[in-house]
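Next up is a structure, given as C-alpha cells.
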Amino acid sequence: MNWLSSFLKSSIGKKLLMALTGLFLCTFLVVHLTGNLQLFKNDSGLAFNEYAVFMTTNPLIKFTSYGLYATILFHAFWGIYLVYDNKKARPVAYAQVDGKANSGWASRNMGLLGTIILVFIVLHMTGFWAKYKFGEVPYTDYHVNLTDGEITAYPYDGNINGKIEKFTEQGFERVIVKDLYAVVNDAFKNPYVVIFYVIAMLALAFHLIHGFKSAFQTLGLNHKKYNQLIKNIGIGVFGIIVPILFAAMPIYFLLFNH
Amino acid sequence: MKITLKVWRQKNTKSKGQFETYKLDHVSEDMSFLEMFDVLNEQLINEGKEPVVFDHDCREGICGSCSMYINGRPHGPKNAVTTCQLHMRSFKDGDIIVVEPWRAAAFPVLKDLSVDRSSFDRIMSAGGFVSVNTGNAQDANSLPIGKDIADEAFMSAACIGCGACVAACKNASAMLFVSAKVSQLSLLPQGQPEAKKRAIAMVNQMDAEGFGSCTNTGACSAECPKEISLSNIARLNREYLSASVAGE
Ligand code: HEM
Ligand code: SF4
Ligand code: FES
C-alpha cells in the first residue's frame with residue numbers, strides 16, 4: 001500500500017480527498033434539505049418531529065451520521081491545511097493582484113467561504129443537534145383526529161420512555177414526541193439568528209458554485225459533452241435551489257410562525 | 001506618451017528588494033513593452049545607474065522568457081500574449097505601471113525581474129520525454145493518428161514554458177504546465193509506453209520543487225499566452241490517479 005500513501009501525499013492526492021469529501025457533503029445537503037422541508041408542513045411539526053426521532057434512532061442512519069461528522073471535520077481541516085500549504089508556495093506576495101481578470105471570486109476564497117460554513121455548522125449543531133441530544137427539549141402531545149385528520153398539539157409534561165410514544169385513544173391517534181420543531185420555532189424568532197443563517201447559506205452557495213464543478217475537474221472528469229451540465233448543476237441546484245430552500249426555513253419561521 | 005513605472009529591484013536571491021519609481025516622458029504607442037524597458041535602461045545607463053535586469057530572447061512570443069507581472073497580471077492586461085507581444089498602446093498616457101517578477105517559492109528571483117525557472121527543466125528531465133532509439137526517421141504515415149487527437153496533442157505542445165500559469169495562480173501551482181507537457185506525449189502512441197511512469201515522475205518532481213496544488217480557479221489558462229486548456233489538468237489528474245492505482 002506504499003503507492004496509496006505516496007498518492008495521498010502528492011498535491012493531486014491531497015486535492016482528491018477534498019473532492020471526494022466535498023461531493024459526499026453535497027449528497028448529504030440534498031438529504032438534509034429533503035428531510036427538513038417537512039418544517040413547511042402545516043401540521044404543528046408532527047411529521048418533522050417523527051422524522052427527527054427516526055433520524056436519531058435508526059442504527060444505519062446513526063452510523064452514517066458519525067461518518068458524516070468525521071467527513072465534515074476532515075474536509076474542513078484538510079481544506080484549511082491546503083490553504084496554508086499553498087500559501088507557502090508563494091512566500092513573497094505580489095504588491096498588486098488583479099484576480100478578477102482571470103478567475104472567479106469564489107474560487108479564490110474557498111477557505112474564507114468554508115470557514116464561514118464551519119462556524120455555521122458548529123453553531124447550528126450546538127443549537128439543534130446538541131440541544132436535542134443533551135438539552136432540555138419539551139414534549140408535545142399531538143391528537144390526530146382519525147375521522148377528519150385534524151391535528152391539535154398540546155404541551156405534555158408527563159414522562160415517556162424514549163423520544164416518542166404512539167397509541168390510539170377515543171378516535172384520536174396520539175403521538176407524544178420530543179418537540180424539536182418547538183426548538184426550531186423558538187430559535188428563529190431571533191432576527192439576528194435568521195440573518196446569520198442567510199449569510200451562511202450565501203457562503204454555501206458560492207462555495208458550491210465553484211466547488212461542485214471543481215470537484216469533477218479534480219477527479220479528472222472533464223468532458224466537452226458534460227462540462228456545461230456539471231457547471232449548470234453546480235450553479236442551479238447547489239448555488240441557487242439548495243441554499244434558497246435552506247434559507248427559506250428561518251425566514252419562514254421569523255415571518256409566519258410564533 | 002508619459003509613463004510612470006514602479007519596478008521591483010532586487011540585488012540577488014537573498015536580498016529583500018523594493019520598488020523603484022521611474023518616469024519615462026517619450027514613450028511611443030508602437031513600442032513593445034520590452035522596447036519601453038530598453039528605453040528605460042538606456043536612460044538609467046546615461047544617468048550612471050544600474051539597468052533593470054529582465055529576461056528576454058526571441059521577442060516574438062515563442063521562447064517564453066519575458067516574465068513580467070504587470071499591473072497584477074502575468075504579461076500584462078492583454079490575453080494570449082507574452083510581454084514582448086504587448087504594446088504600449090494597451091496603456092494610457094499618464095498611467096502608473098507596476099512591474100514585478102514572477103513570485104513563487106519554486107521560481108526564486110535572481111535579480112530584479114529575472115527569476116530562476118530551472119524547476120521547470122527539472123520537471124522535464126524527470127519524465128517530459130519519450131525514450132526512442134535514434135536512427136533514421138520513421139515514415140511519416142506509418143503511425144496513423146486521428147486528426148482530433150493530433151490537434152489536441154499539438155495544442156498542448158504549444159506550451160512555451162513561460163511560467164505565467166504559476167505566476168497567475170494564487171497557489172503558485174504548476175499544474176497547467178505539467179499537464180500540458182504530460183498531455184502532448186500521452187495523447188500520442190509514441191508517448192504511451194512511458195505514460196504511467198511519466199505522470200508519477202513529473203508530478204513528484206513538481207511537488208518536490210515546492211509548487212502549490214490546484215484549486216481549479218482557472219487563472220492559469222486565462223493568463224496563458226498559448227491558451228493551454230484546463231482539460232489538460234483533468235487529464236493529468238486522471239493519468240496520475242490511474243498510474244498510482246495501476247502502475248507498478
Ligand atoms: C456542507 C458543507 C460543504 C460542502 C458541500 C463542501 C463542498 C466542497 C467541494 C465540492 C469542494 C471542491 C473540491 C475540489 O475542488 O476538488 C470544496 C472545496 C473546498 N472546501 Fe468545502 N464544502 C463544505 C464545507 C467546507 C468547510 C466547513 C470548509 C472549512 C474550512 C471547507 C473548505 C474548503 C476548501 C478550502 C476548499 C478548496 C480546496 C482547494 O481547492 O484547495 N469546505 N468543498
Ligand atoms: S501552460 Fe501556458 S502559461 Fe504555463 S508555462 Fe505553458 S505556455 Fe506558459
Ligand atoms: S521574449 Fe521570447 S516570448 Fe517574449
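Can you tell me the Rg and Dmax of chain B, counting just the alpha carbons, in angstroms?
20.1, 63
Let me ask you something else. About the Cα centre of the protein assembly as shown, what is the dipole size in debye to 20, counting +1 per Lys and Arg Cβ and -1 per Asp and Glu Cβ, all else neutral?
740 debye
Something else about it: Distance between Cα centroids, segment A:143-222 to segment A:1-19: provide it in whole Å.
The distance from the Cα centre of segment A:143-222 to that of segment A:1-19 comes to 38 Å.
Take the cross-link list A:Lys100/A:Lys213; A:Lys88/B:Lys111; B:Lys147/B:Lys181; A:Lys225/B:Lys196 and give me the ones stretching past 23 Å between alpha-carbons.
Over 23 Å Cα-Cα: A:Lys225/B:Lys196.
Considering the options B:Ala172, B:Ile97, B:Ala195, tell which one lies farthest towards the positive end of the dipole of chain B, charges being +1 on Lys and Arg and -1 on Asp and Glu at the Cβ, about the Cα centre.
The Cα lying farthest towards the positive end belongs to B:Ala172.
Let me ask you something else. Enumerate the amide H contacts of B:Arg9 below 5 Å, restricted to partners 5 or more residues apart or on another chain; note that Pro and chain-start residues carry no placed amide H.
B:Gln18, B:Phe19, B:Glu20
Moving on. Work from the charge dipole of the protein assembly as shown (Cβ charges, +1 for Lys and Arg, -1 for Asp and Glu, about the Cα centre) and give the residue of A:Val137, A:Val198, B:Met155 farthest towards its positive end.
B:Met155
Exactly which GluC sites (Glu not before Pro) in segment B:29-84 are in a DSSP loop and have at most 16 other Cβ atoms within 10 Å?
Of the GluC sites (Glu not before Pro), the ones in loops of segment B:29-84 whose Cβ has at most 16 other Cβ atoms within 10 Å are B:Glu29, B:Glu47, B:Glu60.
Determine which aspartates and glutamates satisfy two conditions relative to A:Lys189: a Cα distance under 13 Å, and not lying fewer than 8 residues away in the same chain.
Within the straight-line cut-off, A:Lys189 pairs with nothing.
OK, next. Mind checking the dipole of segment B:117-246: about its Cα centre, +1 per Lys or Arg Cβ, -1 per Asp or Glu Cβ, Debye to the nearest 20?
Dipole magnitude for segment B:117-246 comes out near 240 debye.
Please return the longest stretch of chain A lacking exposed loop sites, where GluC sites (Glu not before Pro) count only if DSSP places them in a loop and at most 11 other Cβ atoms lie within 10 Å.
Value returned for the longest uninterrupted segment is A:1-135.
Still on this structure: Which lysines, on any chain, are close to B:Lys2 with Cα under 24 Å apart, when same-chain ones fewer than 8 places away are left out?
B:Lys23, B:Lys49, B:Lys78, B:Lys92
Which of the DSSP-defined H helices in chain A satisfy a minimum axial length of 27 Å, computed from C-alpha atoms, and a minimum mean Kyte-Doolittle hydropathy of -0.5?
Helices meeting the span and hydropathy rule in chain A are A:11-36, A:59-88, A:191-218.
Could I ask something else about it? Taking the Cβ-Cβ separation of B:Asp93 and A:Leu229 as r and a Förster radius of 56 Å, what is the calculated FRET efficiency to the nearest 0.05?
0.75
Okay, moving on. Using the 10 angstrom Cβ neighbour count as an exposure proxy, how do B:His26, B:His75, B:His56 rank, fewest first?
B:His26, B:His56, B:His75
Report relative contact order for segment B:3-111 in percent, whole number only (criteria: Cα-Cα under 8 Å, sequence separation at least 6).
The normalised contact order for segment B:3-111 reaches 34 percent.
For chain A, with the dipole built from +1 on Lys and Arg beta-carbon atoms and -1 on Asp and Glu ones, taken about the Cα centre, which of A:Ala187, A:Cys26, A:Asn232 lies farthest toward the positive end?
Going by the Cα projections, it comes out as A:Asn232.
Which of B:Leu113, B:Leu143, B:Leu44 ends up with the largest GNM mean-square fluctuation for chain B, with Cα atoms connected below 10 Å?
B:Leu143
Taking the Cα centre of segment B:3-111 as origin and charging only Cβ (+1 Lys, Arg; -1 Asp, Glu), how large is the dipole, in debye to the nearest 20?
Value, rounded to 20: 640 debye.
Readers should treat all values here as calculations from the given coordinates under stated rules, not as data from a laboratory. This structure is a prediction, so every number in the text was calculated from the model and none was measured. Don't worry about glycine lacking a Cβ; one is built from the backbone with ideal geometry, like all the others, and counts go over all protein chains shown.
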